1. Sort Y220, Y241 by Cβ crowding within 10 Å, fewest neighbours at the top.
2. What Rg and what Dmax come out for the chain when only alpha-carbon atoms are used, in angstroms?
3. What is the helix-to-structure angle for 156-188, meaning the angle in degrees between its Cα long axis and the longest Cα principal axis of the chain, kept from 0 to 90 and rounded to the nearest 10?
4. What is the stretch 79-235 by shape, rounded, prolate or oblate, if you read a ≥ b ≥ c off the alpha carbon gyration tensor as root eigenvalues and call it rounded for a/c under 1.5, prolate for a/b larger than b/c, and oblate otherwise?
5. Stretched out fully, how many nm does the piece from H181 to A19 gain, at 0.36 nm a residue minus the Cα gap?
6. Tally Lys and Arg at +1 and Asp and Glu at -1 over the other residues with C-beta under 12 Å from the C-beta of R114: what net charge comes out?
7. Quick check: net charge around H94, other residues with Cβ under 12 Å of its Cβ, Lys/Arg +1 and Asp/Glu -1?
8. Mind listing the phi-derived Karplus ³J(HN,Hα) values for the stretch 41-55, rounded to whole Hz, using 6.51, -1.76 and 1.60 with θ = phi - 60°, and x for any glycine or proline?
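Derivation of every value follows stated rules applied to the coordinates shown; laboratory data play no part. Being a predicted model, the structure only gives us computed values, none of them experimental. Cβ coordinates were reconstructed from backbone atoms using ideal geometry, including for glycine residues, and neighbour counts include every protein chain displayed.
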Amino acid sequence: MSVPTPLILVAGGLAFVVAEMLLTFRIARRLGNFGIVDAVWSAGFTPLVLLYLAITATRQPGDPAGGNPGAAALLARLPLTLMVVAWSLRLGIHLGIRVRAHHPVEDVRYTELRREWGADTDRKMRGFFLLQGVLQVVLSTPWLISSLHPPDPQAGASAACFWVGLGLWAAGILGESLADHQLARFRADPGQRGQVCQAGLWRYSRHPNYFCEWLVWVGYGIFALSSPWGWLGLVAPALMYHFLVNVTGIPMTEALSVKSKGEAYRSYQRTTNAFFPGPPRKG
């Protein structure tokens with residue numbers, strides 16, 4: 001009795017992320033910097049989607065034109081794979097550079113966790129890392145679905161999902177890259193020290209990088225909609241929105257900004273939308 005491909009994908013994904021996060025934990029503990037998990041988490045989606053590609057391509061019929069077995073399956077899944085790899089490596093490299101620039105100083109989030117967990121830090125941090133790995137598999141649901149039934153860019157509703165998903169993904173990637181560049185340029189100016197960045201996209205949203213990151217995930221979700229059970233892929237943008245807006249994104253970032261910039265940031269909060277871009281309001 002053959003094992004269904006979806007179960008193989010999930011099992012393979014879980015096996016990968018467990019190995020990935022246990023190794024990352026050991027390296028982070030040796031370096032004394034648990035913040036490296038952010039870069040690994042982002043870049044780790046690349047091998048995950050490549051694993052999905054390899055499994056689904058090898059379990060599909062061969063190319064009807066007489067080419068190599070799985071060639072047609074590989075070509076059908078290539079657009080999504082390239083989308084994930086481009087996003088994953090860009091964000092992973094960006095975060096890796098940031099972590100390296102501050103090392104050995106650890107990101108304040110992990111410093112706070114060390115203080116809170118005390119002598120139990122290693123055990124709880126290992127569990128935290130593994131939870132991040134499981135989250136990778138959950139968030140990769142749109143890719144898993146699309147790997148099983150890739151959308152056809154030339155076939156009706158499937159084509160609409162393909163091009164709308166691709167368009168939102170591209171807008172998110174470009175917007176996030178631009179927001180990161182504008183913020184980096186602002187921080188590099190000594191005359192702006194202690195001030196609040198309101199340049200470019202930051203004039204219309206207090207967190208344009210988070211909004212554009214969410215757009216990327218909306219693109220993935222729509223990309224999967226043309227497949228059977230494709231609506232399950234919408235769990236990824238829904239979860240990402242929740243994490244960014246309510247959990248580890250905006251709340252933690254804004255608490256630190258108010259602490260470091262005081263009234264200047266409170267004024268920014270009064271005039272500028274937190275997440276969705278919009279025209280500035282009068283203070």
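1. Starting with the residue having the fewest Cβ neighbours, the order is Y241, Y220.
2. 20.7, 68
3. 30 degrees
4. oblate
5. Taking H181 through A19 to full extension adds about 55.0 nm, to one decimal.
6. -2
7. Once positives and negatives cancel, what remains is -1.
8. Values per residue, Gly and Pro as x: 4, 5, 5, x, 5, 5, x, 5, 6, 5, 5, 4, 4, 5, 5 Hz.
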